[in-house]
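Below is one structure; the comments refer to it alone.
The values are calculated or read from the model by the stated rules, or taken from the named source; none is laboratory data. Remember, it's a predicted structure, so these values are computed and weren't measured experimentally. Cβ placement follows ideal geometry from the backbone for every residue including glycine, while neighbour counts extend to all protein chains displayed. Just the protein is used for accessible areas: all its heavy atoms, side chains included, with ligands, DNA and RNA removed. Shrake-Rupley method; radii C 1.70, N 1.55, O 1.52, S 1.80 Å.
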Amino acid sequence: DMGGHDTYMHKEICEQPDAVDRVLRGRIDDRFSTVHLGGLNLDAREARSIRRVKILGCGTSYHAGLIGAGLIESLARIPADAEPASEFRYRNPVVDPDTLYVAVSQSGETYDVLAAVQELKRKGARVLGVVNVVGSAIAREADGGTYVHAGPEVCVVSTKCFTNTVVAFALLALHLGRIRDLSVSDGKRIIEGLRRLPAQISEILTMEDEIKKLAKEYADAKSMMFIGRVRGYPVALEASLKLKEISYIHAEAYPASELKHGPLALIEPALPTVAIVPDDDLLEKNRAALEEIKARSGRILAVAHQEQEKADHTIVVPKNEDELDAILMGIPLQLLAYHTALELGRDIDKPRNLAKSVTVE
Ligand code: F6R
């Protein structure tokens, strides 16, 4: 049942305020400015002994994991990174007892992720799952973890599960941070930021008409560039994947800082750039990248917290805490991909060559 929407993707994009509300519900502990995640099976002593976090997932879940790694590093100050599970399992990785492994999967059935979990467990590692589907294979195989409570996602491409997975990582990062060295006041600041998310997502969803117009404007592009820096880079990766998957427009994502090391050669009016430009300590650096692109007559669509002078268009989104901005900045780009695909007459809920869950190698 699409509940009045034309596609499941549209329905699922619009469900995000409620979905985020669900992943937060019952987990926040205001007294200690922390969160409780029931099924982690990780006590305080174990949480304090973690030396690294390695996050594994595929596709959109891998991108959510990249943002998750950034959240864990900044809030819990544990070195963390994410890697495609499919790559990890084939490179005979060194499995380290002081590393916490986290497997991310919407369906909980993706074979490459499941195989990575099984290999890790065989080698004695501790593996947590960040999963949407309750009781799925990865959820059962993991030593513990947390459900992302996005509700069923029918569209082949992931939207609300991505957002909820990132929020679940924020909760995990806050939980680990408060056991380690994150202050009460920072804990409180992040909790307040998390609580603002549902209303801010609703606010972004009211901008759909404006985003639809922008989609019409850029739908003729043969290729698009997505750039971001540090927290913004995984947002660029995910937005570029979403555009490719449903519109079939070729897109690339680059760290803004890498432009001058090669991809700047591509910039010309026919290759528009979508730039993630949050109002944080990297704002001036990001603005410099916009200038470099403008100097080569590139068209720019910015997602930012204020109008960007060098951009042809700016989608202005509400500001949250710096650590949480990435969650909001991806949402208008889901709508951009959606309306671009609609404009091009694509089969949005069932893009060619793709399946909802990839249970084969
Ligand atoms: C993209 C998408 C895929 C999945 C990937 C992993 O929109 O949906 O990239 O994210 O196949 O699937 P899960 O999360 O079920 O393991």
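Just a few scattered comments:
- Hey, V133 among the aliphatic types (A, V, I, L, M), away from the ligand (no atom under 15 Å from the Cβ), part of a loop (DSSP other than H, G, I, E, B) and surrounded by fewer than 24 Cβ atoms within 10 Å (Cβ to Cβ) or not: no
- Of the criteria (1) outside any helix (DSSP H, G or I); (2) surrounded by fewer than 24 Cβ atoms within 10 Å (Cβ to Cβ); (3) within 16 Å of the ligand (Cβ to nearest atom), which one D181 fails: (3)
- Condition check for L194 on (1) open to solvent by 10 Å² or more (accessible area, probe 1.4 Å); (2) assigned to a helix (DSSP H, G or I): one failure, at (1).
- Lone unmet requirement of (1) polar (S, T, N, Q); (2) surrounded by fewer than 19 Cβ atoms within 10 Å (Cβ to Cβ); (3) more than 16 Å from the ligand (Cβ to nearest atom) for Q308: (2)
- Residue within region 52-64 that is modelled with pLDDT of 95 or more, more than 16 Å from the ligand (Cβ to nearest atom), among the small types (G, A, S) and at negative phi present: no
- Unique residue being part of a loop (DSSP other than H, G, I, E, B), of a type in the set (A, V, I, L, M), crowded, with 16+ Cβ neighbours inside 10 Å and within 22 Å of the chain's Cα centre (by Cα) when the list is I348, I327, I315: I348
- Note on region 205-233: residues that are within 20 Å of the chain's Cα centre (by Cα) and open to solvent by less than 10 Å² (accessible area, probe 1.4 Å) total 7.
For (1) part of a strand (DSSP E or B); (2) farther than 25 Å from T60 by Cβ; (3) not hydroxyl-bearing (S, T, Y), each residue gets a yes or a no:
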{"residue": "V235", "(1), (2), (3)": "no, no, yes"}
{"residue": "E258", "(1), (2), (3)": "no, no, yes"}
{"residue": "A270", "(1), (2), (3)": "no, yes, yes"}
{"residue": "V274", "(1), (2), (3)": "yes, no, yes"}
{"residue": "D281", "(1), (2), (3)": "no, yes, yes"}
{"residue": "R287", "(1), (2), (3)": "no, yes, yes"}
{"residue": "L290", "(1), (2), (3)": "no, yes, yes"}
{"residue": "K294", "(1), (2), (3)": "no, yes, yes"}
{"residue": "S297", "(1), (2), (3)": "no, yes, no"}
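- Residue satisfying condition, being in contact with a strand residue (DSSP E or B) (Cβ under 6 Å, 6 or more places away or on another chain), within 18 Å of I13 (Cα to Cα), within 14 Å of the ligand (Cβ to nearest atom) and not basic (K, R), within set A251, A239: A239
- Scan of region 147-173 for residues that are open to solvent by less than 10 Å² (accessible area, probe 1.4 Å), away from the ligand (no atom under 12 Å from the Cβ) and in contact with a strand residue (DSSP E or B) (Cβ under 8 Å, 6 or more places away or on another chain), ordered by number: A168, F169, L171, L172
- Flag for D81 being of a type in the set (D, E) and near the ligand (Cβ under 10 Å from one of its atoms): no
- Test: residue in region 251-271 that is touching a residue at least 60 places away in the same chain (Cβ under 8 Å) and among the aromatic types (F, W, Y): no
- Among the residues of this structure, A199 does not count as one that is surrounded by 18 or more Cβ atoms within 10 Å (Cβ to Cβ), part of a helix (DSSP H, G or I) and among the hydrophobic types (A, V, I, L, M, F, W, C).
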